[in-house]
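Throughout, read-outs are computed from the coordinates displayed, never taken from laboratory work. Everything numeric here is computed off the predicted structure, so don't read it as measured data. Every residue, glycine as well, gets a Cβ built from its backbone with ideal geometry; the counts of neighbours run over all protein chains shown.
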Amino acid sequence: MNIKAFDFKTLDKKKVIMGLLIALLILLLALCITLYAYVQQKLSLINRPEPLPTIGPDDEFFETEPPDEEGEDNEDHEEMDPEEIRWPSDSELIRNKNIINILLIGQDRRPGEKRARSDSMMIATINKEKKTITLTSLMRDMYVQIPGYSDNRINAAYLFGGMELLDKTIEKNFGVHIDGNIEVDFDGFKEVIDKIGGIDIPLNEKEAKHLKKQGFGDLEAGMVHMDGELALAYARIRKVGNADYERTERQRRVLTTVFNKVKDLPLSEILKLVDVIFPLVTTDMTNGQIIALAYTVYGIHADEIATYRIPVDGGYKPAMIRKMAVLVPDLDKNRAALRKIIYGE
């Protein structure tokens with residue numbers, strides 16, 4: 001039997017082209033569906049906030065443990081009556097489409113607890129236009145207005161009402177919009193550090209001596225390679241230096257070091273970390289918001305992260321209120337400082 005050679009010339013060229021295009025579109029659609037399913041599966045590893053009951057205003061309380069147990073000196077804290085404090089009027093809440101503010105929350109949760117006070121709070125600001133990233137610590141002892149509650153330390157807002165109340169507290173006091181929250185507890189923090197192979201942090205003599213007393217071996221001043229446990233102990237130091245002021249500096253130093261190490265990893269290594277890190281994280285952001293945020297951050301290629309602290313120097317008064325050692329911020333001064341940091345105003 002004779003089989004004639006297939007002659008492409010006998011076919012309608014338009015039909016051939018259309019057939020190829022349809023095949024290509026089907027292939028691309030299949031790839032998109034596969035990629036979408038892969039991304040959604042990875043994002044499903046991230047925890048979402050549990051619908052925990054809030055602590056109502058009738059059950060609010062004040063943390064009165066003496067701070068000097070942690071080595072702080074409260075002699076410069078002036079006794080103040082909470083009724084004597086006069087807050088300025090709420091300022092207009094600023095939103096900017098080129099600015100993304102993500103609140104990073106480190107939770108001081110003990111075994112068996114569902115939610116505790118926010119031990120660490122930092123606003124990570126991603127500026128899409130200027131392609132910059134900044135970190136601003138909010139000191140946990142700031143005495144602020146908590147919507148619907150008595151004035152209290154800012155870290156009580158998270159305990160009373162979770163991410164939502166903490167965001168409202170920041171927005172009420174400082175006029176800065178929070179776009180989303182990412183939380184990790186201490187166990188998760190340690191595991192993240194270990195999974196990226198540890199980090200290198202410089203220690204001064206006092207820090208090395210303090211950590212050595214806590215059982216972390218024969219540490220010396222200088223650059224030290226830290227695993228998760230040591231990095232956490234370092235980030236929580238309050239007895240060395242200027243109490244919580246230097247403590248927030250250490251926390252920002254740890255986060256920027258982690259960021260700089262991870263951003264230089266190849267994409268294949270970052271994807272390996274996803275399976276480990278995502279289950280340790282809790283966020284109230286949608287999958288779409290997470291994807292958009294990841295795309296934005298990945299495209300910035302920031303060489304350095306600028307870091308700041310609120311309240312600013314000269315913008316607060318140490319005080320004893322309701323037997324709490326707190327920092328009463330000058331809201332006008334700190335609002336202006338935070339807006340300049342975030343929005344450049």
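A few remarks follow.
- For the chain, with +1 on Lys and Arg beta carbons and -1 on Asp and Glu, the positive-most of V312, P82, L28 along the dipole: L28
- Where labels lie 7 Å past Cα in the beta-carbon direction, separation of L45 and E205 in nm: 4.5
- Among L331, L267, a tally of other beta-carbon atoms within 10 Å of each Cβ gives an order, fewest to most, of L267, L331.
- Tilt relative to the chain, helix 267-277 - C-alpha long axis, 0 to 90 degrees, to 10: 50
- Sequence ranges 135-141, 322-328, 258-264, ranked by mean other-Cβ count within 10 angstrom, highest first: 135-141, 322-328, 258-264
- As a length-normalised measure over Cα pairs under 8 Å and 6 or more apart, the relative contact order of the chain settles at 24 percent.
- Magnitude of the charge dipole, the chain, Cβ model with Lys/Arg +1 and Asp/Glu -1, debye to 20: 2440
- For the chain, share of DSSP beta bridges that run antiparallel, in % to the nearest 5: 65
- In a simple Cβ point-charge model (Lys, Arg +1; Asp, Glu -1; nothing else charged), region 240-345 has a dipole of about 440 debye relative to its Cα centre.
- Nitroxide proxy distance, nm - points 7 Å out along Cα→Cβ at A294 and A306: 2.9
- (i) 21.4; (ii) 26.7; (iii) 16.2, with the label sought being that of the calculated mean projected area of the Cα convex hull in nm²: (ii)
- Between E92 and L265, residue separation times 0.36 nm minus the direct Cα-Cα distance comes to 58.2 nm.
- Placing a pseudo-label 7 Å from each Cα along the Cα-to-Cβ vector at Y245 and Y36 gives an inter-label distance of 5.4 nm.
- Residue order, fewest to most surrounding Cβ atoms within 10 angstrom, among Y36, Y158: Y36, Y158
- Square roots of 5 times each gyration tensor eigenvalue, C-alpha, region 227-345, largest first, Å: 32, 20, 15
- Potential extension, E60-E345 segment - 0.36 nm per residue separation minus Cα distance: 99.0 nm
- When Rg and Dmax are taken over the Cα atoms of region 174-237, they come to 14.6, 47 Å.
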